[in-house]
Amino acid sequence: MRGPDKMTSDGFNVVIPARYASSRFPGKAIAELDGKPMIRHVYEHACSGRAGQVVIATDDERIAAVAKDFGADVALTRADHESGTDRIAEVAQTRGWGDDSIVVNVQGDAPLIQGSSIDQVAALLAAHDSASLATLCAALKKPADVDDPNIVKVVFDAAGRALYFSRSPIPAVAHGGEPPSGFWWHIGIYAYRIAALLQLARTPVCELEQTEKLEQLRALYHGMEIRIAVADALPGPDINTPEDLVAAERFIAESGSA
């Protein structure tokens, strides 16, 4: 299930979608973490990998100004996009990236993602011609995390193809059933083939996506293959709430790395 260590195609690009509006934490992309805006942490980690281009995509001038100030490549996108996938699709079209090329979506609220994980997910997709997307996962260690709706769970088949993603515990334990040996946490990083990305952007939101608020379910609903592998390097915590920012500060202090 683990992907190869090296890319088997002609490279890839990274897009970091970032928006200002957030019901739980407005402006989190430019909130300060360890002395730097959060989006800068994401950008610097992305630049530490083997991507050809790393682009911050936003419709907000405040985020764009902060990103340009630290030297990032910024794409100002339309304000009517419903998802990060749609925003990345606009960048791919504007930049003229070919249908067979690969782009990695690195979430703007994942400041502790590792460059090696970005390389790994791009390599995973490149190694599987039948796949439209690829992503990563890790074993959940804390029992409380299984019931946390902010932590997305995933199940996959024996070949490493994703079967379903949910904010609820999956698999569910039926009456009299045995609990699974472990649950898998979905790490929110995606590699897309550009053709599949553009197809998704043209496809209406499905009911599963609306219910779970997980846009990767649109791809599964329409029969796209998503490859998944266990991450070689674990990221630190994502930032969904102000409390998560405090936890990330603590993680950095304890681990000695940002």
Open item on the list: Looking at the range 171-180, can you tell me whether even one residue there is within 19 Å of Ala229 (Cβ to Cβ), among the acidic types (Asp, Glu) and not in a strand (DSSP E or B)?
Closed with: no
Task: Considering residues of the range 30-62 that are part of a helix (DSSP H, G or I) and more than 20 Å from Ile189 (Cβ to Cβ) only, the residue nearest to the chain's Cα centre (by Cα) - done: Ile30
TODO: Report the residue count in the range 66-83 for those that are surrounded by 12 or more Cβ atoms within 10 Å (Cβ to Cβ), small (Gly, Ala, Ser) and within 20 Å of Leu33 (Cα to Cα).
DONE: 2
TODO: Could you check, for the range 143-157, whether at least one of its residues is in contact with a Cys (Cβ under 7 Å, 6 or more places away or on another chain) and either assigned to a strand (DSSP E or B) or modelled with pLDDT under 95 (or both)?
DONE: yes
Task: Enumeration of residues in the range 213-256 that are at pLDDT below 90, outside any helix (DSSP H, G or I), in contact with a helix residue (DSSP H, G or I) (Cβ under 9 Å, 6 or more places away or on another chain) and among the small types (Gly, Ala, Ser) - done: Gly236
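Scan the range 182-196 and give yes if some residue there is of a type outside the set (Asp, Glu), part of a loop (DSSP other than H, G, I, E, B) and over 16 Å from Asp238 (Cβ atoms), otherwise no.
yes
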Open item on the list: Given the criteria in contact (Cβ under 8 Å) with a residue 24 or more places away in the chain and surrounded by fewer than 20 Cβ atoms within 10 Å (Cβ to Cβ), does Tyr221 qualify?
Closed with: no
TODO: Being not β-branched (Val, Ile, Thr) and not in a loop (DSSP other than H, G, I, E, B) is the filter here, so list the residues in the range 86-116 that pass it.
DONE: Asp86, Arg87, Ala89, Glu90, Ala92, Gln93, Arg95, Asn105, Gly115, Ser116
Task: All positions within the range 38-65 that are crowded, with 21+ Cβ neighbours inside 10 Å and either over 23 Å from Ile118 (Cα atoms) or basic (Lys, Arg) (or both) - done: Arg40
TODO: Quick one: in the range 172-208, of everything that is in contact with a strand residue (DSSP E or B) (Cβ under 6 Å, 6 or more places away or on another chain) and more than 29 Å from Glu82 (Cα to Cα), which residue is surrounded by the most Cβ atoms within 10 Å (Cβ to Cβ)?
DONE: Phe183
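The values are calculated or read from the model by the stated rules, or taken from the named source; none is laboratory data. Predicted, not measured: the structure shown is a model, and the values here were computed from it. Reconstructed Cβ throughout: ideal geometry from the backbone, glycine too, with neighbour counts over all protein chains shown.
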